[in-house]
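A quick write-up on the structure given underneath.
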Amino acid sequence: MFSNIIIKGKKDKYVLTLILLYFDFSSVGKQYRDQKYLEAVGRKLIEIREKQGITQEKLAELTKFDTRQIGRIERAETNTSISMIKAIADKLNIGVDEMLIIK
């Protein structure tokens, strides 16, 4: 992409670094996010957790995740990873599908 750029001095190197950083970080905010689905998954997690009598703190202890992270997932404040969902489902003794399939 930038193979034909000639760097003549420190200023050019600085500008090129800023351009590369811009392109690198501009894609960070473009992650796909379905807010309504995240909210439904969060509600489902709360429902399952409470049905089993498990607090956020206990679930965090079981999964080795921060309690705040469990809360962010339940409040749909984060687009969590598949690996985290799997770890939560495992500790709740349910299938991942039970957490992710919303009717």
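Just to be sure, is ALA76 closer than 14 Å to TYR37 by Cα and at pLDDT 95 or above?
Details: closer than 14 Å to TYR37 by Cα: yes; at pLDDT 95 or above: yes.
Yes; evaluated as a whole, the condition is true for this residue.
Is one or more of the residues making up region 9-21 polar (S, T, N, Q), modelled with pLDDT under 95 and open to solvent by less than 100 Å² (accessible area, probe 1.4 Å)? Working first, answer last.
To start, the set of residues in region 9-21 that are polar (S, T, N, Q) comprises 17.
Cutting the leftovers down to modelled with pLDDT under 95 gives us 17.
Narrowing further to those that are open to solvent by less than 100 Å² (accessible area, probe 1.4 Å): 17.
Yes, the conditions are met somewhere in region 9-21.
How many residues does region 83-103 hold that are open to solvent by 50 Å² or more (accessible area, probe 1.4 Å) and touching a helix residue (DSSP H, G or I) at 6+ places or on another chain (Cβ under 8 Å)?
As a first pass, look at region 83-103 and keep what is open to solvent by 50 Å² or more (accessible area, probe 1.4 Å): 83, 86, 90-91, 93, 97-98, 100-103.
Subset that is touching a helix residue (DSSP H, G or I) at 6+ places or on another chain (Cβ under 8 Å): 86, 91, 98, 100, 102.
Here the count works out to 5.
Just give me the residues in region 31-46 being surrounded by 11 or more Cβ atoms within 10 Å (Cβ to Cβ), more than 14 Å from the chain's Cα centre (by Cα) and among the basic types (Lys, Arg), in sequence order.
Our first condition is that a residue be surrounded by 11 or more Cβ atoms within 10 Å (Cβ to Cβ); within region 31-46, this holds for 33-34, 37-46.
With more than 14 Å from the chain's Cα centre (by Cα) added as a condition, the list becomes 40, 43-46.
ARG43, LYS44 - these are the residues of region 31-46 that are surrounded by 11 or more Cβ atoms within 10 Å (Cβ to Cβ), more than 14 Å from the chain's Cα centre (by Cα) and among the basic types (Lys, Arg).
The values are calculated or read from the model by the stated rules, or taken from the named source; none is laboratory data. From a predicted model like this one, the values you see are computed outputs, not experimental measurements. Virtual Cβ from ideal backbone geometry, glycine too; neighbours counted across all protein chains shown. To get the accessible areas, we keep the full protein, side chains included, count just its heavy atoms, and leave off ligands, DNA and RNA. Shrake-Rupley method; radii C 1.70, N 1.55, O 1.52, S 1.80 Å.
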